[in-house]
1. What are the residues in region 266-306 that are closer than 20 Å to His85 by Cα, aliphatic (A, V, I, L, M) and in a strand (DSSP E or B), if any?
2. Show the residue pairs meeting these rules: Cβ distance below 7 Å; 6+ apart or different chains; first residue within region 56-83 and in the same structural domain as Thr95 (by TED's automatic domain parsing) and assigned to a helix (DSSP H, G or I); second residue surrounded by 18 or more Cβ atoms within 10 Å (Cβ to Cβ) and of a type in the set (Asp, Glu).
3. Does region 102-118 contain any residue that is among the aromatic types (Phe, Trp, Tyr), out of contact with any helix residue (DSSP H, G or I) (no Cβ under 6 Å at 6 or more places or on another chain), outside any helix (DSSP H, G or I) and in contact (Cβ under 8 Å) with a residue 40 or more places away in the chain?
4. For region 347-378, enumerate the residues that are away from the ligand (no atom under 16 Å from the Cβ) and over 19 Å from Gly169 (Cβ atoms).
5. So Lys104 passes all but one of these: (1) within 16 Å of the ligand (Cβ to nearest atom); (2) surrounded by 18 or more Cβ atoms within 10 Å (Cβ to Cβ); (3) basic (Lys, Arg). Which condition number does it fail?
6. Using the structure shown, decide if Gly110 is within 30 Å of Ala332 (Cα to Cα), at pLDDT 95 or above and within 14 Å of the chain's Cα centre (by Cα).
7. Just to verify a result, which residue in region 28-61, among those that are closer than 30 Å to Tyr409 by Cβ and among the hydrophobic types (A, V, I, L, M, F, W, C), is farthest from the ligand (Cβ to nearest atom)?
8. Quick check: anything in region 215-223 within 16 Å of the ligand (Cβ to nearest atom), over 24 Å from Gly353 (Cβ atoms) and within 23 Å of the chain's Cα centre (by Cα)?
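The values are calculated or read from the model by the stated rules, or taken from the named source; none is laboratory data. Here the structure is a predicted model, which is why all the values come from computation and not from measurement. Cβ atoms come from the backbone with ideal geometry, glycine included; neighbour counts cover every protein chain shown.
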Amino acid sequence: MNIPDSNLPRIVIIGGGFGGLRLARALKGKPFQVILLDKHNYHTFQPLLYQVATAGIEPDSIGYPLRKIFEGQKDFFFRLAEVQHIDAQLKQVDTSIGSLKYDKLILATGSGTNFFGNNELEANAMSMKSIPEALDIRSLLLQNFEQALLTKDLDERQALMNVVIVGAGPTGVELAGALSELRKHILPKDYPDLDVRRMEVHLIESAPQVLAAMSDESSKDALAGLEELDVLVWLDTFVESYDGKKAITKDGKEFLAHTLIWAAGVKGETVEGIQPTAIVRGNRIAVNQFNEVLEMNDVFAIGDVAAMIDEANPRGHAMVAQVAIQQGERLAKNFILESKKKDRVPFVYNDLGSMATIGRNKAVVDLPKKHFKGIFAWMVWLFVHIMQLVGFRNKLLVLMNWTYSYFRYARDTRLIIRPFKKKISDDIPQPS
Ligand SMILES: Cc1cc2nc3c(=O)[nH]c(=O)nc-3n(C[C@H](O)[C@H](O)[C@H](O)COP(=O)(O)OP(=O)(O)OC[C@H]3O[C@@H](n4cnc5c(N)ncnc54)[C@H](O)[C@@H]3O)c2cc1C
């Protein structure tokens, strides 16, 4: 990998997401050699993926080059590599570009989409965990509309316009709201020959409420907001199968839609070589309060992939950005304390609250002791998301985009950029 030997202890971090990034930054100027490995050369701001998928913002404004973030950081090295295996005996990681020794290893690999073993769903549903996936959703939606224009079969036309979203957590709710705004303000202008009002946006949730992890007030307010936007919400409904055109639920409901977006589950992205007894529910890695992987020396896990199970969190902490950020920060401080032969401090999560937007001027915010909604909540949502984006350029781009879109009712990145899975012409009857 062409990384020079050093007298400094070597800390290898797998993953430049929220947790890995914070950890590596907090080690700047400290007595360690820090090596960050990621299979992408950029950091992804996942909370705004849904805006890329619905043509609200450009993909470049939610990705940031990792090399740029660490420009000039001494004793720091980034390598574009996928880690495939950990050898805890040899204290080595095996990657797509070779092997590398570590003194301390941190898994900050995040999570992937969980289809709970349903292969049919996995093959036919769209997921939204990365920028390419969000772009793929955008392209599919638009391709389906182009195709709807061409078909004479009315049921087929309807199915091409319909969208089913499975999972009414923040991702599902935000997507449904954004799609409904696309249907109201944009698509009728783009496709005047289609009766876009007939497009159905279905949000299907197996729990009895939307935003189940938030307060009851937020769930109720979000549901009311979605209904105002004509999103068809199906609670207590479990999607069992989807063949690419029809979703069927456990209680026999059928939904015809050529787009189904799966936002109903995530699982930890572990790497081979982790002690099997440390892998717990949701494919996460069990860690103690110092983020040490159970039964492994000098191996740590932070963020989505880590399950810090205690009495207050029997399933581990929520898989949200703040947990990853705070664990990255705490772990860096503990490495520094250790290097000074001082006692480490156990991780304690400081819950800053949660929020979701339903659409224009509509959001819900839960602070530890307060709930609010409406335009003020929406402005708080906008502000928090802008501030959390990495890099001044991205902050500025998103702010400009949102301001322009707000006043012009615009969603101007409606480009189909996709290596076609199949040619549109495959489905169009050709003149004989
Ligand atoms: C659509 C969506 C919306 C969300 N909205 C919110 C929100 O509004 N608020 C909130 O708090 N949270 C939100 N989240 C969750 C939040 O994004 C995650 O909790 C957070 O990203 C976890 O950070 P992390 O550092 O653990 O992992 P990630 O940020 O996922 O980073 C993991 C990194 O590891 C890399 N990686 C993985 N495996 C390997 C490997 N084998 N080799 C090399 N590199 C690897 C990946 O490329 C990635 O860069 C959302 C998530 C999604 C998908």
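1. Ile279, Val280, Ile285, Ala286, Val287, Val293, Val299, Ala301, Ala306
2. Sorted first by the residue in region 56-83, then by its partner, the pairs are Leu66/Asp38.
3. There is at least one residue in region 102-118 that is among the aromatic types (Phe, Trp, Tyr), out of contact with any helix residue (DSSP H, G or I) (no Cβ under 6 Å at 6 or more places or on another chain), outside any helix (DSSP H, G or I) and in contact (Cβ under 8 Å) with a residue 40 or more places away in the chain.
4. Val348, Arg360, Asn361, Lys369, Lys370, Phe372, Gly374, Ile375, Phe376
5. Of everything listed in (1) within 16 Å of the ligand (Cβ to nearest atom); (2) surrounded by 18 or more Cβ atoms within 10 Å (Cβ to Cβ); (3) basic (Lys, Arg), Lys104 misses just condition (1).
6. yes
7. Ala55
8. There is no residue in region 215-223 that is within 16 Å of the ligand (Cβ to nearest atom), over 24 Å from Gly353 (Cβ atoms) and within 23 Å of the chain's Cα centre (by Cα).
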